[in-house]
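The structure follows.
The values are calculated or read from the model by the stated rules, or taken from the named source; none is laboratory data. In this text, all values refer to a predicted model and were calculated from it rather than measured experimentally. Note that we place each Cβ from the backbone using ideal geometry, even for glycine, and neighbour counts take in every protein chain shown.
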Amino acid sequence: MMKKLIAVCLAITGVIASNSILAATAVKATTIEGQWTGQFYNIADGATSVSDGNCFLRDGTWYNTVAPGVHGHWYQKGDDLYINAVADNSEHVYSSNMRKLNKTTFVGEHQHWATDGSSGVLFYLKETLTFKKVTCDPAP
């Protein structure tokens, strides 16, 4: 009887441990943390561009690994991702509202505008973020 009780306890412990590992893996797979590639499509003129290094950090900040001085904050609630940015030595600020398409892709809109308010929104872009890797390249 005692051997059977021990076997049942070990089986339950194994299931709990297994579920904990799966839960931790699921959380990591759906987080924005890490390096992402941004692809942009200008709505007005159809121009496209790619930003290969967007590093999202656990503390809610991010930086670009290619363009010096581009950085900002991000906030994720469920499948929605909100990003703002500034570029040092620039008169522009940026904002993106994204929606998770799957574990490795977010899609949404991106806007640029002048900080002095003189020209309103400079342009609107469609944006796609695609997961690249867990560890980030350093800031330039």
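On the basis of being more than 19 Å from D137 (Cα to Cα) and either surrounded by 12 or more Cβ atoms within 10 Å (Cβ to Cβ) or in contact (Cβ under 8 Å) with a residue 60 or more places away in the chain (or both), does D52 make the cut?
No.
Out of curiosity, is L101 assigned by TED's automatic domain parsing to the domain that holds D52 and either in contact with a Ser or Thr (Cβ under 6 Å, 6 or more places away or on another chain) or under 13 Å from G34 (Cα atoms) (or both)? Steps first, please.
Values: assigned by TED's automatic domain parsing to the domain that holds D52: yes; either in contact with a Ser or Thr (Cβ under 6 Å, 6 or more places away or on another chain) or under 13 Å from G34 (Cα atoms) (or both): no.
Against the criterion (assigned by TED's automatic domain parsing to the domain that holds D52 and either in contact with a Ser or Thr (Cβ under 6 Å, 6 or more places away or on another chain) or under 13 Å from G34 (Cα atoms) (or both)), L101 does not qualify.
Cβ contacts < 8 Å: first residue free of Cβ contacts under 8 Å to residues at least 12 places away in the same chain and in the same structural domain as V66 (by TED's automatic domain parsing), restricted to segment 116-140; second residue assigned to a strand (DSSP E or B) and surrounded by 14 or more Cβ atoms within 10 Å (Cβ to Cβ), any location; separation 6+ or different chain. Result?
Listed by first residue and then by second, the contacts come to S119/W113; G120/W113; G120/A114; V121/Q111; V121/H112; V121/W113.
For (1) within 19 Å of the chain's Cα centre (by Cα); (2) surrounded by fewer than 16 Cβ atoms within 10 Å (Cβ to Cβ), each residue gets a yes or a no:
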site: D80; (1), (2): yes, yes
site: E91; (1), (2): no, yes
site: S96; (1), (2): yes, no
site: L101; (1), (2): yes, yes
site: F106; (1), (2): yes, no
site: H112; (1), (2): yes, no
site: Y124; (1), (2): no, yes
site: V134; (1), (2): yes, yes
site: P138; (1), (2): yes, yes
